[in-house]
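Here's the structure, in structure tokens; my notes come after.
The values are calculated or read from the model by the stated rules, or taken from the named source; none is laboratory data. Not measured: the values here are computed from a predicted model. Cβ sites come from the backbone with ideal geometry, for glycine too, and all protein chains shown count toward neighbours.
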Amino acid sequence: MILVIDIGTSSVRAALYDQKGDLVRGTFVKNERRLRNTVDGGSEIDAGAAFRQVVMTIDEVLRRSANNKGDITHIAACSFWHSLVGVDAHGSPTTKVLGWADNRGRKQVEILRKKLDENETHDRTGARFHSSFWPAKILWIRENQPDVFRRTEMWLSLSDYIGMRLFGSTMTSVSMASATGIFDIRACEWDKPLTKFLKIKPASLPTIADNAETLHLNSKFTKRWPRLANAKYFPAVGDGASNNIGSGCTTKKCLGLMVGTSGAMRVSYRGAPPKKLPAGLWCYRIDRERIVIGGALSDGGGLFEWLQENLELPKN
């Protein structure tokens, strides 16, 4: 069996799936939450609280499946793209987890556009300058919280932080790194011009995993979850990447439409990124062989709420 975990902005979900890819009945768990919005444009969650929620969700899946026979051989996860959390030399958070909707770096976007060539950066990283991406977030922290910036030893996505706590490694997937806006999507490495401009060392960013590279639980959580002691964990991929794969849209002939907390339309395929990216689109990676390209809206689920409240549409 496979333990599957989905770390979203509005919930953490997990379940067991069998070797055929079917849900093991009775094992699905969903714990809802909301990121905290601040008056200055922040959208954040406490890193420790987010981690504990993942642990609690796994606890419940294992409790519900206590009578299910069969080994849990793998752990697979996806997580929302564009999150950022800083940690110090001891692995303790120096910041909250900044979500994709955090726009406190909006003024830093203008600084980036003045100092750097946005079109060249877009072609290298697949991302334009925007408050969702790491360059604006890190620059905002550097300029507004200099003590925090100095104390931060590593910059991580939320899934990387969770991986550090569970597996003792800050290794990240190509998929997760590719949506930071600070990753060269062709060379599959951290973007040198941006790291230099932001005054961060490559060592302060996660190691990029190979496609088949896996991790195992550390001793603390092996004792807590003995059924997962031998399970291989693949570093989390971006939720948008897994959405396209799960919906079967993995060629240029298929366009995937997703509406959740946000909304997006994506095409994914095996091959290299376009030589010249369309100005209004982003381009990330599923892995080292496949890319996903598309556009996104910051509000998706809110549309359904508006329709239900104002047009009295049925909830189904």
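Assorted remarks:
- Top-ranked residue of region 140-173 - restricted to ones that are assigned to a helix (DSSP H, G or I) and among the aliphatic types (A, V, I, L, M), ranked as farthest from residue 123 (Cα to Cα): 166
A quick yes/no check of all residues on (1) within 20 Å of the chain's Cα centre (by Cα); (2) basic (Lys, Arg); (3) under 25 Å from residue 54 (Cβ atoms):
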{"site": "183", "(1), (2), (3)": "yes, no, yes"}
{"site": "189", "(1), (2), (3)": "yes, no, no"}
{"site": "193", "(1), (2), (3)": "no, no, no"}
{"site": "197", "(1), (2), (3)": "no, no, no"}
{"site": "202", "(1), (2), (3)": "yes, no, no"}
{"site": "207", "(1), (2), (3)": "yes, no, yes"}
{"site": "228", "(1), (2), (3)": "no, no, yes"}
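- Summed over region 163-181, residues that are within 30 Å of residue 217 (Cβ to Cβ), of a type outside the set (Ser, Thr, Tyr) and under 14 Å from the mean Cα position of the chain (by Cα) total 6.
- Filter result (within 15 Å of residue 163 (Cα to Cα) and touching a residue at least 24 places away in the same chain (Cβ under 8 Å)) within region 82-121: 83, 84, 85, 86, 87, 91, 93, 97
- Subset of region 79-118 (residues that are over 24 Å from residue 151 (Cα atoms), touching a helix residue (DSSP H, G or I) at 6+ places or on another chain (Cβ under 9 Å) and either assigned to a strand (DSSP E or B) or of a type in the set (A, V, I, L, M) (or both)): 79, 116
- Hits in region 81-98 - residues which are over 19 Å from residue 177 (Cβ atoms) and of a type in the set (A, V, I, L, M): 89
- Region 1-44, subset free of Cβ contacts under 8 Å to residues at least 40 places away in the same chain and among the aliphatic types (A, V, I, L, M), residue farthest from residue 144 (Cα to Cα): 23
- Where helices (runs of 4 or more DSSP H) sit wholly within region 204-316, those with at least 2 residues that are loosely packed, with under 13 Cβ neighbours inside 10 Å and at pLDDT below 85 occupy 301-311.
- Taking the listed residues 169, 159, the one that is in contact (Cβ under 8 Å) with a residue 60 or more places away in the chain and in contact with a strand residue (DSSP E or B) (Cβ under 6 Å, 6 or more places away or on another chain) is 159, with no other qualifying.
- Hey, residue 176 assigned to a helix (DSSP H, G or I), out of contact with any helix residue (DSSP H, G or I) (no Cβ under 7 Å at 6 or more places or on another chain) and among the hydrophobic types (A, V, I, L, M, F, W, C) or not: no
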